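K.L.:
Sharing a structure here in structure tokens format.
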């Protein structure tokens, strides 16, 4: 039996911070795909409300959670980075605090809520859940997935007892799921990474990263994936909660490449290369979630003002193929149903 219960071998990747919405989940399900909700950055109560709404979409769905421990912070490097980007923040009359803020995104509370209110699938990103959390979720019938970026991470995940893997290639947009945020993801075609994982480990695999059309989906399925996770190609869809500025940038020919950077959150992530990345790339500070909290007000102000020069424009390498269309049509196109 497939690890995801959907008519098509396609899943909507969880995109935290706004793009993943109930409307997007409903449209993906309508098209025959498997929707994921993004639990990252949401409070447990807000996530519970979204889950309650998702139960009406008429299909199974999943919830993604962040499972990262706060990074050990180099206080001097963090303070230097605060000073470096202070002028960027001052543009919006924002004064940055030199005191780093760290948290675990209320992971324990979210797991407890999902044990009390079970959902079909829970996936984890940035690391593995503790043994007790894993067993508790599985005990209520939930399928647990771990997102991995190397065969070694895949082995750790399977040994921990997860039911399946989301194998993320380096071409994926947004945050890398790497367990070790001090290292950039190794450049490797996602299909090749899937083949390597499948060669070494016996586990169901969902492939993610670098999807730019139906041919890419076919290659990933041929490599051994049971399903393909799609994120960037849904960012411009009618149902996504993507900001106006982000949508505009994805269609703007002035943006010519993506880059992996830590300057927005302190963890490696792929985004359209813009001025903020170029001006601060040399800092490359590893301090998640402290840098995320540090830059959040600046990024929100930039989004509100349409300032794509200072906004985190998450995008995978296939961003040029992102369509301004309904998610139903995009999923059908990727499945070859058009």
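Values in this text are rule-based calculations from the coordinates and carry no lab data. Since the structure is predicted, the reported quantities are computational estimates derived from the model, not experimental observations. Here the Cβ positions follow ideal geometry from the backbone for every residue, glycine too, while neighbour counts run over all protein chains shown.
K.L.:
Using helices alone, what [θ] at 222 nm do you get for the chain, with -39,500 (n - 2.57) per DSSP H run of 4 or more residues, divided over all residues and rounded to the nearest 500?
P.N.:
-11000 deg cm²/dmol
K.L.:
Related question: With a ≥ b ≥ c taken as the square roots of the eigenvalues of the C-alpha gyration tensor of the stretch 221-338, please select rounded if a/c is under 1.5 and otherwise prolate if a/b is larger than b/c or oblate if it is not?
P.N.:
prolate
K.L.:
Right, here's the next one. Given R₀ = 25 Å, FRET efficiency for residue 75-residue 297 by Cβ-Cβ distance, to 0.05?
P.N.:
The value I calculate is 0.75.
K.L.:
Additional query: Once the piece of chain linking residue 52 and residue 117 is laid out straight, how much longer is it, given 0.36 nm per residue of separation minus the C-alpha distance between them?
P.N.:
Net length gain for the segment: 22.5 nm.
K.L.:
Take every Cα pair under 8 Å in the stretch 1-149 that's 6+ residues apart, average their separations, divide by the length, and report that relative contact order as a whole percent.
P.N.:
Computed value for the stretch 1-149: 21 percent relative contact order.
K.L.:
How big is the antiparallel share of DSSP beta bridges in the stretch 184-338, given as a percent to the nearest 5?
P.N.:
If I count the DSSP bridges inside the stretch 184-338, around 60 percent turn out antiparallel.
K.L.:
Taking 51 Å as R0, compute the FRET efficiency from the Cβ-Cβ separation of residue 103 and residue 186 and round it to 0.05.
P.N.:
So the FRET efficiency works out to roughly 0.95.
K.L.:
Springs between alpha-carbon pairs under 10 angstrom, Gaussian network model over the chain: which of 57, 206, 260 fluctuates most?
P.N.:
For the chain, modelled as a Gaussian network with Cα springs under 10 Å, the answer is 57.
K.L.:
What distance in nm separates the simple spin-label points at residue 159 and residue 259, each placed 7 Å from Cα in the Cβ direction?
P.N.:
Each label point lies 7 Å from its Cα, and together they span 3.7 nm.
K.L.:
If we count other beta carbons within 10 Å of each Cβ, what is the order of 261, 149, fewest first?
P.N.:
By the 10 Å Cβ count, ascending: 261, 149.
K.L.:
Can you give me the angle between helix 290-305 and the longest principal axis of the chain, using Cα atoms only, in degrees from 0 to 90, rounded to the nearest 10?
P.N.:
Taking Cα atoms only, the helix is inclined about 90 degrees.
K.L.:
Distance in nm between label sites at residue 1 and residue 86, each 7 Å beyond Cα in the beta-carbon direction?
P.N.:
Placing both labels 7 Å along Cα→Cβ, they lie 5.9 nm apart.
K.L.:
If the label point is 7 Å along Cα→Cβ of residue 326, which residues in the stretch 20-52 have backbone nitrogen under 20 Å from it?
P.N.:
20-36
K.L.:
Give the percent of DSSP beta bridges with both residues in the chain that are antiparallel, rounded to the nearest 5.
P.N.:
Here the antiparallel bridges make up roughly 20 percent for the chain.
K.L.:
Counting only C-alpha contacts under 8 Å and six or more residues apart, can you give the relative contact order of the chain as a whole percent?
P.N.:
Reported as a whole number, the value is 20 percent.
K.L.:
Here's a follow-up. Out of 197, 82, 121, any idea which swings most in a Gaussian network model of the chain, alpha carbons joined below 10 Å?
P.N.:
Comparing 197, 82, 121 in the GNM, the peak value goes to 82.
K.L.:
Ok, one more. Among 196, 26, 270, which one shows the highest mean-square fluctuation when the chain is modelled as a Gaussian network with alpha-carbon springs under 10 Å?
P.N.:
196
K.L.:
Hey, another quick one. Highest mean first, what order results for 275-287, 9-21 on Cβ atoms within 10 Å?
P.N.:
Highest-to-lowest ranking by the protection proxy: 9-21, 275-287.
K.L.:
Right, next: Starting from the Cα gyration tensor of the stretch 153-231, take the square roots of the eigenvalues, sort them a ≥ b ≥ c, and report rounded, prolate or oblate (rounded when a/c is under 1.5, otherwise prolate if a/b is larger than b/c, else oblate).
P.N.:
Verdict is oblate for the stretch 153-231.
K.L.:
How high is the relative contact order of the stretch 223-338, in percent, with contacts defined as C-alpha pairs under 8 Å that are six or more residues apart?
P.N.:
Contact order relative to length: 35 percent.
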